[in-house]
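Beneath this line is the structure, given in structure tokens, with notes to follow.
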Amino acid sequence: MFYKFARLLCRIILVLLRRWEVKGKENLPSGGGAVLVANHVSYWDPVVVGCAFNRRVYFMAKSELFEIPLLGPLISVLGAFPVRRDKSDRNAIRIAVKLLEEGNVVGIFPEGGRSRTGELIKPQPGAAMLAFKAEVPVLPVALRGTRGVLSKITVIIGRPVLNQEGKKVKKAELEAASQSIMVQLADLLEQKNNN
């Protein structure tokens, strides 16, 4: 209930203040698990992505955020769960896989942090690994204009990709799949520039 209220309130703010536009909503699977991946340049990004969908998005967020008074409990209530970025966080992986296997959408910023320049950063293998492990598709989402406070925000949702069923993968395959995800994001960002 609180999640729906918060999403509605944020949608109103985004429409009124940021001229928010979402393209490709039809690409979100209506059911079943999916790893949602997006480029990351702003603290607004999780809010913008979460508001773009009618399905709840459970974000994997850096553990330091959960130590901030008020923010930590708030993002926990909204469905975020912590991941330690300094090592392989098995607990975060277990939580994500469980959510995906239960048919939920898990949101990840595959770059592992915000890009200071707006350019895409080399991806971490986590998003591809989760998709392979849980046997779910990856849904690429491109964000434009989230930095700052007045620019128009555009969200473009791509088609689901990388639905590998029951396949064990090696490190090189994970890296290739991660790079493929970034190519999809780059293509969506370029598409936005041309529209």
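The values are calculated or read from the model by the stated rules, or taken from the named source; none is laboratory data. It should be emphasised that the depicted structure is a prediction, and the values quoted were computed from it without experimental measurement. Don't worry about glycine lacking a Cβ; one is built from the backbone with ideal geometry, like all the others, and counts go over all protein chains shown.
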Would you check if there is a residue in the stretch 16-25 being in a loop (DSSP other than H, G, I, E, B) and either in contact with a Leu (Cβ under 7 Å, 6 or more places away or on another chain) or within 25 Å of Met182 (Cβ to Cβ) (or both)?
yes
Which numbered condition Ser30 fails, given (1) within 21 Å of Leu71 (Cβ to Cβ); (2) at pLDDT below 90; (3) of a type in the set (S, T, N, Q):
(1)
Residue list for the stretch 27-82, restricted to those being within 13 Å of the chain's Cα centre (by Cα), small (Gly, Ala, Ser), outside any loop (DSSP other than H, G, I, E, B) and closer than 20 Å to Glu111 by Cα:
Ala34, Ala38, Gly50, Ala61
Which one is nearest to Ser115 (Cα to Cα), of the residues in the stretch 44-101 that are surrounded by fewer than 15 Cβ atoms within 10 Å (Cβ to Cβ) and of a type in the set (S, T, N, Q)?
Ser88
From the list Gln184, Gln191, Gln124, Gln164, exactly one residue is at pLDDT below 90 and touching a Gly at 6+ places or on another chain (Cβ under 8 Å). Which is it?
Gln124
Which number in (1) at pLDDT below 95; (2) under 21 Å from Arg55 (Cα atoms) marks the one condition that Glu102 misses?
(1)
